[in-house]
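J.: Encoded as C-alpha cells, here's the structure I'll be asking about.
The values are calculated or read from the model by the stated rules, or taken from the named source; none is laboratory data. Please read these numbers as outputs of a predicted model, since none were measured by experiment. For neighbour counting, all protein chains shown are included, and Cβ atoms are generated from backbone atoms with ideal geometry for every residue, glycine included. Heads up: the accessible areas ignore ligands, DNA and RNA and are worked out on the full protein's heavy atoms, side chains in. Shrake-Rupley method; radii C 1.70, N 1.55, O 1.52, S 1.80 Å.
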Amino acid sequence: MKPGRNDPCPCGSEKKYKGCCMDSASKRHAEVFDDIAQTAAMNLNLTLDELNLVTQQRMHERNNRSETDFFGLTPNQMSNWLYAPFNELAGVTFSTPDSISSSPIMRYLALILDEAMQNNGSFKATSKGNLPTKIVKQACELLPEFAVSQHQTHISISEFAGSNEDKFNALHYARILAELAGIIYLRSGRFHVKKSSQKLYQTQGINTFFLPMLEAAIYQYNWGYLDSWELDIDLRTIWLFMLWRLQEHGSINQLVDEVETAFPDILLQLQSEEHFSPIKLLSMLIESRFINRFLQFWGFVTFEPKLVSISELTSRKVDIQPLLMQTFQFSINNP
C-alpha cells in the first residue's frame, strides 16, 4: 500500500512522504500534465473523454518508462518493490533451494527443532531466557561446514560462534527469527515448538520454514538490533533493490553509489562525524545491516571484513554463494 502524505517516507529518511519522495513523484506528474496541456492546446477539438484517454496513456507511458536513476527500473517497478507485500513483489521469484545445508540460520533452526522434538516439543531455557549450552555448542561445531568459516579467525570476534547465545550473534538472530515467524515461543522458562510447526517439520522437513523465516527477517526483524549505531535508517524498504544490484556485480562500493543515486534523501539523514562522511556512514550501515547480518547470516554471500589498504577499500567485493542465486531469480523486463 502506498504511503499517505503524512506517513513516514519509505526511503528511510524519517521525513513525511509529502516532504520527501512524494516531491519527485509530483514532479513526474507535473511533467505529464504539462505534456497533456500542450497536446490540448494543439488539438482544440478534443473532447473531455478523448483528453482523459490521452492522460491515461501518458501516465501509463511515464510510469512504465525506464529511469536512469533507478538503473533501468520503471517507476511502477520501483513502487512495487518499495510498497508491495512479500507475496506480491514483481520481477522476482522466490524459491526454496533443494538443499539449505549451507545456510547457517536454517541449520541453527534445525538444531532448535530437533532438541524440542526429542523432548516432547519443548526444552528448558537458561535463567536469562536463552538457548541452552548444549545447542550453543552444537551450533559452534557447525562453523567449519559454512563458507563464511574461511574469514573467521578467533571465537572472540566471530558472529558464528560463542560461549553462550548472548555472545553468538548468528544463533541469537536465528532464534529471534523463529519466534517472529511463529515457529517457536518461550513460556514458563521453556522453549516450545508450536504444534502446527511440529507437524510441518515431521512431514516436510526444515525446508518448509525457509520462506517464512526469510519473510520474518525482511519485514519483522529490526535490522539495527545487533549493532551499536544510533542512526535510525531503515534499509529494509530498499532490500530488494540492493539485492538486485549486488547480485548484478557483487561490489559493495558500487552498491553504495547506486543506493545514493536512487535514494538521495537517505544521505540527508546521515550527519557527518569527525571521522566519517555521510556516504561512508551509509556504506558502513549497508555492510553491517544488509551484507553481514542478513546476507551472510543466511549463507547468501561471504565477504572479508578486514581492510589493509586503500586499494581494497575502493574495490570491496562479496563472494556470491549458490544459495543466493537459487533463492532469488530476477526477471526485469523493461520496455
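J.: Considering (1) touching a residue at least 60 places away in the same chain (Cβ under 8 Å); (2) at negative phi, say which one Leu142 fails and leave the rest.
T.: Failed condition: (1).
J.: Among (1) open to solvent by 20 Å² or more (accessible area, probe 1.4 Å); (2) assigned to a helix (DSSP H, G or I), which single condition is Leu171 missing?
T.: Among (1) open to solvent by 20 Å² or more (accessible area, probe 1.4 Å); (2) assigned to a helix (DSSP H, G or I), the lone unmet condition for Leu171 is (1).
J.: Of everything in the range 200-254 that's among the aliphatic types (A, V, I, L, M) and more than 23 Å from Thr96 (Cβ to Cβ), which residue is farthest from the chain's Cα centre (by Cα)? Walk me through how you get there before you give the answer.
T.: Keep residues of the range 200-254 that are among the aliphatic types (A, V, I, L, M), which gives 200, 206, 211, 213-214, 216-218, 226, 231, 233, 235, 238, 240, 242-243, 246, 252.
Now narrow it down to the ones that are more than 23 Å from Thr96 (Cβ to Cβ): 226, 231, 233, 235, 238, 252.
Values: Leu226: 15, Leu231: 17, Ile233: 13, Leu235: 7, Ile238: 7, Ile252: 15 Å.
So, considering only residues that are among the aliphatic types (A, V, I, L, M) and more than 23 Å from Thr96 (Cβ to Cβ), the one farthest from the chain's Cα centre (by Cα) is Leu231.
J.: Find the residue count for the range 73-85, including only residues that are in contact (Cβ under 8 Å) with a residue 24 or more places away in the chain and open to solvent by less than 20 Å² (accessible area, probe 1.4 Å).
T.: Matching residues across the range 73-85 total 5.
J.: Is at least one residue of the range 105-124 over 24 Å from Ser149 (Cβ atoms), outside any loop (DSSP other than H, G, I, E, B), open to solvent by less than 50 Å² (accessible area, probe 1.4 Å) and in contact with a Lys or Arg (Cβ under 7 Å, 6 or more places away or on another chain)?
T.: Step one: filter the range 105-124 for residues over 24 Å from Ser149 (Cβ atoms), giving 116-124.
Imposing the further condition that a residue be outside any loop (DSSP other than H, G, I, E, B) reduces the set to 116-117, 122-124.
Retained after the next criterion (residues that are open to solvent by less than 50 Å² (accessible area, probe 1.4 Å)): 116, 122-123.
With the extra rule that they be in contact with a Lys or Arg (Cβ under 7 Å, 6 or more places away or on another chain), the set shrinks to 122-123.
Looking through the range 105-124, at least one residue is over 24 Å from Ser149 (Cβ atoms), outside any loop (DSSP other than H, G, I, E, B), open to solvent by less than 50 Å² (accessible area, probe 1.4 Å) and in contact with a Lys or Arg (Cβ under 7 Å, 6 or more places away or on another chain).
Residue-wise test of (1) of a type in the set (Phe, Trp, Tyr); (2) under 13 Å from Pro104 (Cβ atoms).
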{"position": "Gly129", "(1), (2)": "no, no"}
{"position": "Lys134", "(1), (2)": "no, no"}
{"position": "Phe160", "(1), (2)": "yes, yes"}
{"position": "Lys167", "(1), (2)": "no, no"}
{"position": "Ala174", "(1), (2)": "no, yes"}
{"position": "Ala178", "(1), (2)": "no, no"}
{"position": "Tyr185", "(1), (2)": "yes, no"}
{"position": "Ser188", "(1), (2)": "no, no"}
{"position": "Lys199", "(1), (2)": "no, no"}
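J.: Report every pair of residues separated by at least 6 positions or lying on different chains whose Cβ atoms are under 8 Å apart, first residue within the range 193-218 and without any contact (Cβ under 8 Å) to a residue 60 or more places away in the chain, second among the small types (Gly, Ala, Ser) and open to solvent by less than 50 Å² (accessible area, probe 1.4 Å).
T.: Filtered contacts from the range 193-218: Lys194/Gly182; Pro212/Ala181; Pro212/Gly182; Ala216/Ala181.
J.: Residue check: is Glu287 within 24 Å of Asp69 (Cα to Cα), modelled with pLDDT of 95 or more, open to solvent by less than 70 Å² (accessible area, probe 1.4 Å) and among the charged types (D, E, K, R)?
T.: Working: within 24 Å of Asp69 (Cα to Cα): yes; modelled with pLDDT of 95 or more: no; open to solvent by less than 70 Å² (accessible area, probe 1.4 Å): yes; among the charged types (D, E, K, R): yes.
It is false that Glu287 is within 24 Å of Asp69 (Cα to Cα), modelled with pLDDT of 95 or more, open to solvent by less than 70 Å² (accessible area, probe 1.4 Å) and among the charged types (D, E, K, R).
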